[in-house]
1. I need the full set of residues from segment 145-168 which are in a strand (DSSP E or B) and within 24 Å of residue 261 (Cα to Cα), in order please.
2. Testing residue 195 on (1) farther than 27 Å from residue 264 by Cβ; (2) out of contact with any strand residue (DSSP E or B) (no Cβ under 6 Å at 6 or more places or on another chain); (3) within 11 Å of the ligand (Cβ to nearest atom); (4) not in a helix (DSSP H, G or I), one condition comes back false. Which one is that?
3. What number of residues within segment 241-274 are assigned to a loop (DSSP other than H, G, I, E, B) and in contact with a Phe, Trp or Tyr (Cβ under 9 Å, 6 or more places away or on another chain)?
4. When the residues of segment 198-226 are filtered to those that are in contact with a helix residue (DSSP H, G or I) (Cβ under 9 Å, 6 or more places away or on another chain) and part of a loop (DSSP other than H, G, I, E, B), which remaining residue is surrounded by the most Cβ atoms within 10 Å (Cβ to Cβ)?
5. Of these, 205, 175, 213, which one is of a type in the set (Lys, Arg) and more than 11 Å from the ligand (Cβ to nearest atom)?
6. Being touching a residue at least 12 places away in the same chain (Cβ under 8 Å) and closer than 14 Å to residue 132 by Cα is the filter here, so list the residues in segment 144-165 that pass it.
7. Could you tell me which of the residues 183, 168 is under 23 Å from residue 147 (Cα atoms), surrounded by 23 or more Cβ atoms within 10 Å (Cβ to Cβ) and touching a residue at least 24 places away in the same chain (Cβ under 8 Å)?
Amino acid sequence: EIAYYQNKFIDVDSPALPIDERGHQFGDGVYEYIRVYDGTPLFLDEHLDRLEKSAAEIKLTLPYRRDEITGIIYEGIKRSSLKEAAVYFQITRGIAPRNHSFPNVKAVFSMTVKKATIFTDEARTKGISVMLRQDERWANCFIKSLNLLPNVLSKQEAIEKGYDEAIFVHEDFVREGTSCNVFMVKDGTLYTPPATRHILHGITRKAVLDCAREYNIPVREQAINTTFFKNCDEAFITSTSIEIMPIYSIEDQILPKERPVTERLYSAYQNFYKQEV
Ligand code: PLP
């Protein structure tokens, strides 16, 4: 494990943040989360593209060039000595006496490289249970912003009610999970909500859509209501950390146990990082 703050590598448990850091005072910043397989970060370019987009949307000037960020990530992976890792990094608007308007200071980059969570085959066979939750977030969820209070509260609500995850719904249309995108299969066609401003444009989501097209699985990115969702043949969530995880129940609706499309997509997804044998 290793961390990085203000131009240097530090231990993950060493104190780092000044009190007047806008990340923890305002959530004024953006972040990325990248999975490392066998020492190599997967979809690094896509994550850096999204980072640049998120930063531009909140008028944040990145403190380092793209190649410098790439260098810090690779150096962090090396120093962590981890092969299966998760790189979390965030960029905040910087350190200045607390005031809502932008200070004229350099943005702050921080990062941790930690062991990746590995999900067992058993966990993947079981899948997860989800509840539906009204989406109370703001109108710009395509920005990977540090402000995650509604996500945190909804995830906690799900856990307290005995579910694994909450799926945000707006006016009966499904959007995404608290930290994942959502897909379903009906009559052999793969469905997922469109990449509007109201969801994060997940990198795993895009990779899964690419896999589906390659396997000639028909794909529809379209608005999906909760009735359609509950009556689907298969459903799953996607994210960098969880990859593709089946949903076994949507509130009191139990989904079928056979998941041929989900399984095909999961094995196709693994080709992105599995070494040829
Ligand atoms: N949606 C939300 C709200 C997320 O926080 C995340 C990831 O953290 C995702 C979707 C999945 O995105 P990705 O596949 O790029 O990890």
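Readers should treat all values here as calculations from the given coordinates under stated rules, not as data from a laboratory. The structure presented is a predicted model; accordingly, all values stated were derived computationally and were not measured. In this analysis, Cβ positions are derived from the backbone assuming ideal geometry, glycine residues included, and neighbour counts consider all displayed protein chains.
1. Of all residues in segment 145-168, those in a strand (DSSP E or B) come to 145, 165-168.
The answer is 165, 166, 167, 168.
2. Going through the list (1) farther than 27 Å from residue 264 by Cβ; (2) out of contact with any strand residue (DSSP E or B) (no Cβ under 6 Å at 6 or more places or on another chain); (3) within 11 Å of the ligand (Cβ to nearest atom); (4) not in a helix (DSSP H, G or I), residue 195 breaks only (1).
3. Summing the residues that are assigned to a loop (DSSP other than H, G, I, E, B) and in contact with a Phe, Trp or Tyr (Cβ under 9 Å, 6 or more places away or on another chain) in segment 241-274 gives 9.
4. Ranking the candidates gives 202 first.
5. Values: 205 fails: more than 11 Å from the ligand (Cβ to nearest atom); 175 fails: more than 11 Å from the ligand (Cβ to nearest atom).
Within the list 205, 175, 213, the selection yields 213.
6. Hits for segment 144-165 are 150, 151, 154, 155, 157, 158, 161, 162, 163, 164, 165.
7. 168 is the lone residue from the list that is under 23 Å from residue 147 (Cα atoms), surrounded by 23 or more Cβ atoms within 10 Å (Cβ to Cβ) and touching a residue at least 24 places away in the same chain (Cβ under 8 Å).
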